[in-house]
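Have a look at the structure below, then the notes.
Computed from the coordinates by the stated procedures, all read-outs in this text should not be read as laboratory data. This structure is a prediction, so every number in the text was calculated from the model and none was measured. Cβ coordinates were reconstructed from backbone atoms using ideal geometry, including for glycine residues, and neighbour counts include every protein chain displayed.
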Amino acid sequence: MPEVVRNYDIICFGDEVPGILTLVTAAREFYRRTNRYPHSLVMFKGNSLLGVGGHLVRGGLAYIDRSVVPRQVRDAHGLGIYGQSAQIYEEFLNRAQVAQIALDARKGDQVLREMLREVGADILSNVEIKSVIKQGKAIAGIALHRGETYMGQYFIDATVNAELAQFSGVEKQKGFATFGLPNSELSVTLTFETEGISVSQLKDVEMNYMRRFADINDREAQKWIQIAAGGNGDKAQMLREPFVKNRDNLGNLAMYAGRDYIDVRSDALSIAYHAFRDRVLDLRVSKAILDRGNIAVFADGRMSWNALLFDVNADQAENLARNKALPTPEMNHEFHQYIVPWFQSLGATRVTPAPELYIRRAGNIVGVNDPLTGVEMLQGGVPASEAIGTFGYHFDIRGGIAGLGDRAAEKGLEKVIFMKLPAPLFNVGIQHTLLKDVPNLSVISPASGFEGYASSAGRIVEFNAFVGQGVGVAIALSMLNNVNLNTISNRQVRDFLAQRGLLSAIYGQPYGVNDAIAQIDSFETGLAA
């Protein structure tokens, strides 16, 4: 049978939300100048019948992380609680009817499909790359194992592991190689939904556990703490102390319920689960923990939990990404044999897992125009004159980085790990996504050209939506002017957005303590040596 060859202008490999928003932005801006949409395609490894939208949709990550902006900055610039997001991301959230935090995967899927349909983009799922066709340094096409080849002019890699870039010959560092820890990686999560238990009931359950843990004469509850501590007296004391210390005002530790979300602020539920599970509350030891939950709450009473973490190394994260982010048999066992019955014991009538894992990151590419480091984020990001937006977020390494403490001690830098740093508030550009040696590819994902701590903040969707809107403009400019994508500057994109009235407020702030920045700089550069 003859091979099928199809031709496109723009191909996005991977369907993470920032990648789709990149393609939509590029198509809209090209249409605005030419009165025709480019021929575009989103192709991805997952099953489109389970939704379009990567880990926010098939991965069920309903509790979306928002930009962290200090009150004084918001007041000075007249901003809302989350600052000002990229226009295309705000559109997505509004169309998906997100009140503050909670994104219903079904609405997200529907809106993303609508946005792609509006620009005439095709969708192709269940794909596996056989090879990448190059013309000189540029990507010319993607050959699939099922015998089809898709030729294109511009390519977007929106995968957590930069899979298209890897097939194109781009080098990717494993794990936290920039810290000298190539085998270490952030945890992955199997999100799940509960039904049948209300916010008030959940609060009551937690408060009951907290009261019991605060009572040192409650022998059964103290035994639960010992189990969660793995029999370690010091760890048991650490787990017990917050409850005893606040026993007269446990509301200080109680979960906080917002408009459409809950932040769990104590280890009470985690301790109770691990006592039930008869496993220590330690990710490295147990390989799976019920962490303090980030919970999205929907109007119909469903709750979506980002709480069940699994320990993975760099190779495992890469393999999971290549295997459609499907949970392993061990992960499914933990969920069905323990998570489901425990939550049912709390009053849940249904406990349903997401079809795919939330993989936080899987290494970072090298060879970009300008890598982005944690120190640069703390210094305020790209200059304001080049910025396309501003984003703030903590250096969030949920589950920790295995070996980081030992590595820091080995280098005499261990005190930096314990520094209390604010969430960097930094101006955004696109040069960390553009490849020096692949002129028509942009990698917009946690696998972009981040170094050191940068990936922990740079992996967040809201940040990458800023980047995606900028790259979408860059693709349109590249198409209209017949120049290489990797030659488009931050300033060109900024000026275009400003002319269109789409430029977000710019309010990046350098972290004021130069000595702290110097220490983080020595930490990020010294660990890799």
- Point-charge dipole on Cβ atoms (K/R +1, D/E -1) for the stretch 87-135, about Cα centre, debye to 20: 180
- Task: Treat the count of other C-beta atoms within 10 Å as a stand-in for reagent exposure and order Ser198, Ser184 from fewest to most.
- Result: Ser198, Ser184
- A student applying the Cα gyration tensor rule (rounded when a/c is under 1.5; otherwise prolate if a/b is larger than b/c, oblate if not) would label the stretch 43-127 prolate
- Message: Going by average Cβ density within 10 Å per residue, which order do the peptides 251-261, 43-53, 209-219 take, highest to lowest?
- Response: 43-53, 209-219, 251-261
- How would you rank Thr189, Thr149, Thr349, going from fewest to most other Cβ atoms within 10 Å of each one's own Cβ? Thr349, Thr149, Thr189
- Which ordering of Met377, Met331 is given by a fewest-first count of other beta-carbon atoms within 10 Å? Met331, Met377
- Message: Let me test this: with uniform point scatterers at the alpha carbons of the stretch 299-411, what is the Debye-based log₁₀ I(q)/I(0) at q = 0.15 1/Å?
- Response: -0.96
- Query: Among all the aspartates and glutamates, which ones have a C-alpha under 17 Å from Lys45's C-alpha, if same-chain residues fewer than 8 places away are not counted?
  - Reply: Asp15, Glu16, Asp109, Asp122, Glu128, Glu148, Asp157, Glu163, Glu318, Glu356
- Message: Expected output is a single nm value to one decimal: the length gained when fully extending between Asn319 and Asn7, i.e. 0.36 nm times separation in residues minus the C-alpha distance. What is it?
- Response: 109.3 nm
- Residue-span extension gain [Val366 to Glu114] - 0.36 nm each, minus C-alpha spacing: 87.3 nm
- Note on the structure: Flagged as over-length at 30 Å C-alpha distance, from Lys134/Lys287; Lys107/Lys134; Lys107/Lys174; Lys174/Lys203; Lys130/Lys436; Lys174/Lys223, the pairs are Lys134/Lys287; Lys107/Lys134; Lys107/Lys174; Lys174/Lys203; Lys174/Lys223
- Message: Restricting everything to alpha-carbon atoms, can you work out Rg to Rh for the stretch 188-359 with a Kirkwood hydrodynamic radius?
- Response: 0.97
